[in-house]
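Asker: Before anything else, here's the structure in question.
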Amino acid sequence: MPRIVTVGAAQMGPIDRKHSRADVMERLIAHLREAKRMGCDLVVYPELTLTTFFPRWYMTDQREIDSFFEREMPGPETAKLFAEAKRLGLGFCLGYAELAPEDGRMAHYNASILVDRDGRILGKYRKVHLPGHAEHEPWRRFQHLEKRYFDVPKEGFGVWRAFGGVFGMCICNDRRWPETYRVMALQGAEMILLGYNTPVHNPPAPDHDDLALYHNRLVMQAGAYQNACWVVGVAKAGPEEGVPMIGGSQIVAPSGVTVAATRSDGDELAVAACDLDACASYRNTTFNFGLHRQPQHYGLIASRKGIVPPS
Ligand code: CDT
């Protein structure tokens with residue numbers, strides 16, 4: 001009996017500062033309703049879905065910075081999304097900026113949650129690989145201040161039993177790092193959900209710009225194949241506040257083959273019926289970790305240099 005989870009990759013077009021949470025909520029709910037019509041079980045939204053990609057702005061007023069963060073989830077605005085998803089019987093994965101009281105201070109995380117069909121939050125992930133810089137760099141046309149606005153979490157990558165399988169989450173830059181997928185695959189992840197905000201232009205390396213969509217496909221397809229799992233990558237796309245962001249949302253099978261993708265730079269849903277049992281065909285053969293992986297032989301040389309932990 002195949003274990004089919006029908007997933008909707010809910011790409012979002014630009015969200016500007018002038019758009020309220022209520023404006024965004026309408027668009028997210030429109031995605032939910034279309035997903036329901038298309039027979040989805042689960043809808044995946046981008047990184048920092050609820051606002052513009054604010055790390056492009058240098059800000060010093062903490063109140064202004066905190067206005068992009070959620071103090072509770074669901075909160076006053078997001079409650080509508082939870083209620084509609086529950087009414088429709090859909091699960092969802094949502095990226096947002098999280099303000100969390102921790103050790104007597106407020107911690108700031110770039111987070112995502114996995115929500116079950118009944119509105120229960122099953123799991124939360126906080127972004128590990130924060131790209132960009134911490135200080136204002138006026139030479140850039142726009143900033144990438146994730147290292148300024150977010151904390152690096154302690155928890156790392158977990159997985160959750162949901163929708164009849166094992167699910168993991170990561171966020172944007174995480175998708176470029178092989179460890180991200182491997183750490184979750186070693187915990188049994190069958191499907192990895194991720195949202196992203198990737199500018200077409202990378203100020204420190206403009207010669208990479210033409211390859212932005214290629215790299216996006218490359219990392220997710222390699223991550224899926226090498227780890228025998230599904231990968232669902234969802235963009236915030238199009239010209240956001242004057243900064244073009246890549247689209248290219250896609251659903252990738254454990255074979256590494258993209259089975260659904262968006263075509264536009266706007267709000268668009270890409271849907272695929274994903275058989276979680278397709279992971280086993282790779283995980284029991286080429287990528288049978290127990291049989292073929294050799295962490296104990298990755299080398300004395302590498303462990304002396306601290307590249308792999310000593311066994
Ligand atoms: N949001 C985010 O993590 N964006 C980064 C931009 C890095 S520039 C290559 C990303 O990896 O897509």
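Asker: Give me the accessible area per residue for region 145-255, probe 1.4 Å, as a whole number in Å². Kindly include the intermediate steps, with their values, before the conclusion.
Answerer: Details: 3890 Å² over 111 residues.
On a per-residue basis, region 145-255 sits at 35 Å².
Asker: How much net charge surrounds Thr6 when only the other residues with a Cβ under 14 Å from the Cβ of Thr6 are counted, with Lys and Arg +1 and Asp and Glu -1?
Answerer: +1
Asker: Read phi for every residue in region 40-56 and hand back ³J(HN,Hα) as whole Hz from Karplus 6.51 cos²θ - 1.76 cosθ + 1.60, θ = phi - 60°, with x for Gly and Pro.
Answerer: 3J(HN,Hα) across region 40-56, in whole Hz: 6, 9, 8, 10, 10, 9, x, 5, 6, 5, 7, 9, 5, 6, 5, x, 6.
Asker: Around Ala111, what is the net charge, scoring Lys/Arg as +1 and Asp/Glu as -1 over all other residues with Cβ under 9 Å from its Cβ?
Answerer: Numbers: positive: Lys124, Arg126, Lys127; negative: Glu70, Glu98.
Charge balance near Ala111 sits at +1.
Asker: List the chymotrypsin sites (Phe, Trp or Tyr not before Pro) within region 121-166 that fall in a DSSP loop (any state other than H, G, I, E or B) and whose Cβ has at most 14 other Cβ atoms within 10 Å. List each step's numbers first, then the result.
Answerer: Working: sites: Tyr125, Trp139, Phe142, Tyr149, Phe150, Phe157, Trp160, Phe163; in loops: Trp139, Phe142, Phe150, Phe157, Phe163.
Of the chymotrypsin sites (Phe, Trp or Tyr not before Pro), the ones in loops of region 121-166 whose Cβ has at most 14 other Cβ atoms within 10 Å are Trp139.
Asker: Nothing charged except the Cβ atoms of Lys and Arg (+1) and of Asp and Glu (-1): what's the magnitude of the dipole of region 1-71 about its Cα centre? Round to the nearest 20 debye. Can you show the working numbers first?
Answerer: Values: 11 positive and 10 negative charges, 48 e Å.
Charge dipole, region 1-71, about its Cα centre: 240 debye, nearest 20.
Asker: How high is the FRET efficiency between Arg3 and Arg105 when r is their beta carbon distance and R₀ equals 25 Å, given to the nearest 0.05?
Answerer: On the way: r = 43 Å, r/R0 = 1.70.
It comes to 0.05.
Asker: Taking Lys80 as the anchor, which aspartates and glutamates have their alpha carbon closer than 14 Å to its alpha carbon, excluding any fewer than eight residues away along the same chain?
Answerer: Filter leaves Asp23, Glu26, Glu72, Asp118.
Asker: So, one more: Can you compute the FRET efficiency between Thr285 and Asp207 using 1/(1 + (r/R0)^6), with r the Cβ-Cβ distance and R0 = 45 Å? Round to the nearest 0.05. Walk me through the numbers on the way to the answer.
Answerer: Working: r = 39 Å, r/R0 = 0.86.
Here the calculated transfer efficiency is 0.70.
Asker: Determine the dipole magnitude for region 4-304: charges of +1 sit on the beta-carbon of Lys and Arg, -1 on that of Asp and Glu, nothing else is charged, the reference point is the Cα centre, and the result goes in debye to the nearest 20.
Answerer: Working: 34 positive and 36 negative charges, 108 e Å.
Dipole about the Cα centre, nearest 20: 520 debye.
Asker: When the label point is put 7 Å from the Cα of Trp57 along its Cα-to-beta-carbon vector, which residues of region 92-130 have a backbone N closer than 17 Å?
Answerer: What the label zone holds, given the 17 Å backbone N cut-off, is 97-98.
Asker: Next question, about the same structure. Kirkwood hydrodynamic radius, computed over distinct alpha-carbon pairs, for region 109-228: how many Å, to one decimal?
Answerer: Details: mean 1/r = 0.0641 Å⁻¹.
Here the Kirkwood hydrodynamic radius works out to 15.6 Å.
Asker: How many percent of the accessible area of the chain is carbon or sulfur, using a 1.4 Å probe? Before the final figure, lay out the partial values.
Answerer: On the way: 7550 of 13910 Å².
Using a 1.4 Å probe with all protein chains present, the chain comes out at 54 percent carbon and sulfur.
Asker: Among the GluC sites (Glu not before Pro) within region 114-194, which fall in a DSSP loop and have no more than 14 other Cβ atoms within 10 Å of their own Cβ? If you can, show how the numbers build up before the last one.
Answerer: Details: sites: Glu135, Glu146, Glu155, Glu179, Glu190; in loops: Glu135, Glu155, Glu190.
Of the GluC sites (Glu not before Pro), the ones in loops of region 114-194 whose Cβ has at most 14 other Cβ atoms within 10 Å are Glu135, Glu155.
Asker: Along the positive direction of the dipole of region 39-166 (beta-carbon charges: Lys, Arg +1; Asp, Glu -1; about the Cα centre), which of Leu90, Pro55, Phe150 reaches farthest?
Answerer: The Cα lying farthest towards the positive end belongs to Leu90.
Asker: Only sites in a loop by DSSP and with at most 14 other Cβ atoms within 10 Å count here; which trypsin sites (Lys or Arg not before Pro) in region 78-159 make the cut? Display every interim value, and only then the final one.
Answerer: Details: sites: Lys80, Lys86, Arg87, Arg105, Arg117, Arg120, Lys124, Arg126, Lys127, Arg140, Arg141, Lys147, Arg148, Lys154; in loops: Arg117, Arg120, Lys127, Arg140, Arg141, Lys154.
Passing sites in region 78-159 are Arg120, Arg141, Lys154.
Asker: Can you spot the lysines whose alpha carbon is less than 26 Å from Lys154's alpha carbon? Ignore those fewer than 8 places along the same chain.
Answerer: Here the lysines satisfying the reach criterion relative to Lys154 are Lys124, Lys127, Lys305.
Asker: Mind checking which helices in the chain clear 15 Å along their axis (Cα) and have mean Kyte-Doolittle hydropathy of -0.5 or more, DSSP H runs only?
Answerer: 212-227
Asker: Let me ask you something else. In whole Å, how far is the Cα centre of region 31-73 from that of region 209-237?
Answerer: Cα centroid to Cα centroid, the span is 21 Å.
Asker: Against the 2.2 N^0.38 Å scaling, with N counting residues, where does the chain land? I'd like the Cα-based Rg ratio to two decimal places. It would help to have the intermediate numbers written out before the result.
Answerer: Details: Rg = 19.0 Å, N = 311, 2.2 N^0.38 = 19.5 Å.
Compared with the compact-globule rule of thumb, the chain sits at 0.98.
The values are calculated or read from the model by the stated rules, or taken from the named source; none is laboratory data. Source: prediction; values computed, not measured. When we count neighbours, we look across all protein chains shown, and the Cβ atoms used for this are built from the backbone with ideal geometry, even at glycine. Just so you know, the surface numbers come from the protein's heavy atoms only, side chains and all, with ligands and any DNA or RNA stripped out. Shrake-Rupley method; radii C 1.70, N 1.55, O 1.52, S 1.80 Å.
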